[in-house]
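This report refers to the structure that appears directly beneath it.
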Amino acid sequence: MNNSYGHLFGDFVLTKLGTLTTQTIWATDCIYRYGGEELCIIMPESGEIEAEFVANRIVDTIRNHQFDCDGMSAKITVSIGGAVYPKHSKDKTGLIKCADKALYQAKEMGKDRFILSSKTP
């Protein structure tokens, strides 16, 4: 994004992505920026079914949104990896590793999708 549109537009997209995601998650969930272009959502009252529902809703919301700023316009997609406590890990480091593996699986499968971890770290 930054290479094609510049950092200002990239920052705009990331900010808008955070806003759209915040509007899509449950009120009890928390969203954090985790790394350069990654977001982390903590869903304390959700299991696998709820996480999949929300993640797919985020994928659809982002896929269908037109990002417009200062005469530039883009459509983007997101890839999401998820992990559930305690099924995939009983500690935060393990959960992050599992979600990260699932994220890379989603990217390898063509992006624009959610994958829930199928393994432990």
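The values are calculated or read from the model by the stated rules, or taken from the named source; none is laboratory data. The structure presented is a predicted model; accordingly, all values stated were derived computationally and were not measured. Note: ideal-geometry Cβ built from the backbone for every residue, glycine included; neighbour counts use all protein chains shown.
Before moving on, here are some points about what is shown:
- Scanning region 52-66 for residues that are within 16 Å of D112 (Cβ to Cβ) and either surrounded by fewer than 17 Cβ atoms within 10 Å (Cβ to Cβ) or modelled with pLDDT under 95 (or both) yields N56, R57, D60, T61, R63, N64, H65, Q66.
- Filtering region 39-51 to residues that are exposed (fewer than 14 other Cβ atoms within 10 Å of the Cβ) and not hydrophobic (A, V, I, L, M, F, W, C) leaves P44, E45, G47.
- The single condition among (1) outside any loop (DSSP other than H, G, I, E, B); (2) in contact with a strand residue (DSSP E or B) (Cβ under 6 Å, 6 or more places away or on another chain) that K111 does not satisfy is (1).
- Scanning region 81-121 for residues that are among the acidic types (D, E) and in contact (Cβ under 8 Å) with a residue 40 or more places away in the chain returns a single hit, D112.
- Residue match in region 7-28 (condition: modelled with pLDDT of 95 or more, polar (S, T, N, Q) and farther than 24 Å from I96 by Cβ): yes
- Residue check, C69 surrounded by 12 or more Cβ atoms within 10 Å (Cβ to Cβ) and within 22 Å of S118 (Cβ to Cβ): no
- Residues in region 34-90 that are part of a helix (DSSP H, G or I) and farther than 19 Å from T19 by Cα: E48, I49, E50, E52.
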